[in-house]
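One structure is given here, and the rest of the page talks about it.
Every read-out reported here was derived from the displayed coordinates using simple, explicitly stated rules and does not represent laboratory data. Fair warning: this is a prediction, and the values are worked out from it, not measured in the lab. Positions of Cβ are generated from backbone atoms using ideal geometry, with glycine treated the same way; all protein chains shown enter the neighbour counts.
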Amino acid sequence: MERSRVAVVGVGSVGGVFAAHLSAVHDVVACVRRPFTEYVVESPDIPFRGPATAAATPAEIPWPGPADAVFVGVKAHQTEDAAHWFERLCGPDTLVAVMQNGIEQRDRLAPHVDGATIVPAVVYCGAELLAPGHIRHDARARLIVDDDPDGKRLVELCEGTPLEIRPTDDYPRATWTKLGLNSVANGLTALTGRPMEVLADPGIARIGRELLTECWTIGRLAGADLDLDAIPKLVAGMAKNPGGRTSMLHDREAGRPTEHDAIHGAVLRKGVEHGVPTPVTRIVHDLIAAGSSAG
């Protein structure tokens, strides 16, 4: 496979896992605030250690012209602040893989990527950033993408790595499934300050079921094939991950802005669009927003 020029903008936990493994087969630059010289991925399944090329400003990108591919690892609310990277790295032939939560990735990135091809992705990757370039990886390194030519380009780009790119012919179902799971898991762990085991509490489980019902009711109207009858069993299963700590819980504990707008805000916006009341999502969104430095 021919080596490509690949940039990863936002090399935290998920971005770090992808940047590290891509660096084994491509010329990768990590676009970061705090430069580092080595990737260390502690993982029971896909450990990695190797040299890293990092840039702290667009002027430090080690090649002229746009990248062949850009992986977006910054969180949704950090997109505007990262715009200067995209302006330097993107052109009409660039493939932009968006590893962000929510369902509005195209609208969020389109103003910044100079006509590049945007590939939204549903992300499943359990990881935690320990230090710049140093990541603890627990489970999976998977992107679910639409089964179209752009998705297939992403599959080809990741060949030769343990990164899993899974095309699907039912992307709406995949993206609304993950949005619902994020609404429950991220929202309720962030609000309670407890890991996923909090969903074993009957009252919290009830809220979780209501959050998922609101989200998936909208998703069904948006064209996603979702089984509302499966919700009670699904929420009960989520509670069986006692050590599960979500990204929003980590952000709340660290005093960082949270992704409540990309997750719960998206449910609220789509609820208005489809005429579905979302009272529980509204409460969770507003409570998290009040405690987030994102406002």
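Stokes-Einstein at 4 °C, 1.567 mPa s, Kirkwood radius from Cα pairs: D for the stretch 5-168 in µm² s⁻¹? List each step's numbers first, then the result.
Numbers: Rh = 15.4 Å.
It comes out at roughly 84 µm²/s.
If packing is taken as the average count of other Cβ atoms within 10 Å, what order do 2-8, 169-175 fall into, highest mean first?
On the way: 2-8: 19.6, 169-175: 16.7.
Per-residue Cβ counts within 10 Å, averaged per peptide and sorted highest first, yield 2-8, 169-175.
Could you work out the relative contact order of the stretch 171-291, using alpha carbon pairs under 8 angstrom and six or more residues apart, expressed as a whole percent?
Numbers: 161 pairs, mean separation 42.1, N = 121.
In percent, rounded to a whole number, it is 35.
Work out the length of the dipole vector of the stretch 53-95 about its Cα centre, built from +1 on the beta-carbon of each Lys and Arg and -1 on the beta-carbon of each Asp and Glu, and round it to the nearest 20 debye.
Working: 2 positive and 6 negative charges, 18 e Å.
Dipole about the Cα centre, nearest 20: 80 debye.
Let's see if you can work this out: charge +1 on each Lys and Arg Cβ, -1 on each Asp and Glu Cβ, no other charges. What is the dipole magnitude of the stretch 171-291 about its Cα centre, in debye to the nearest 20? Spell out each step's value before the answer.
On the way: 14 positive and 13 negative charges, 27 e Å.
Dipole magnitude for the stretch 171-291 comes out near 120 debye.
Using only helices, what value at 222 nm comes out for the chain when you add -39,500 (n - 2.57) per DSSP H run of length 4 or more and divide by the total residues, to the nearest 500 deg cm²/dmol?
Working: 10 runs with 111 residues, N = 295.
Helix contribution divided over all residues of the chain: -11500 deg cm²/dmol.
Of 145, 36, 105, which is farthest on the positive side of the dipole of the stretch 5-168, counting Cα position, with +1 on Lys and Arg Cβ, -1 on Asp and Glu Cβ, and the Cα centre as origin?
36
Just need the relative contact order of the chain here, percent rounded to a whole number, with Cα pairs under 8 Å and 6+ apart. Intermediate results must be reported in sequence, preceding the final value.
On the way: 597 pairs, mean separation 44.5, N = 295.
Over the chain, the number comes to 15 percent.
Rounded, prolate or oblate, given the Cα gyration tensor of the stretch 216-289, with a/c below 1.5 counting as rounded?
Values: a/c = 2.48, a/b = 1.22, b/c = 2.03.
Oblate.
If one computes the Cα centroid of the stretch 256-295 and of the stretch 15-51, what distance in Å separates the two points?
Spelled out, the Cα-based centre of one part sits 33 Å from the other.
Using only Cα atoms, locate the centre of the stretch 153-193 and the centre of the stretch 98-152, then give the distance between them in Å, rounded to an integer.
Centre-to-centre (Cα) distance: 8 Å.
Once the dipole of the chain is set up with Lys and Arg at +1 and Asp and Glu at -1 on Cβ about the Cα centre, which of 86, 72, 276 lies farthest towards its positive end?
276
Mind putting a number on the dipole of the stretch 36-134 about its Cα centre? Charges go on the C-beta only, +1 for Lys and Arg and -1 for Asp and Glu, and I need it in Debye to the nearest 20.
Numbers: 5 positive and 13 negative charges, 10 e Å.
I would put it at about 40 debye.
With unit charges on the beta carbons (Lys and Arg positive, Asp and Glu negative) and the dipole taken about the Cα centre of the chain, which residue among 22, 58, 219 sits farthest to the positive side?
The residue sitting most towards the positive pole is 219.
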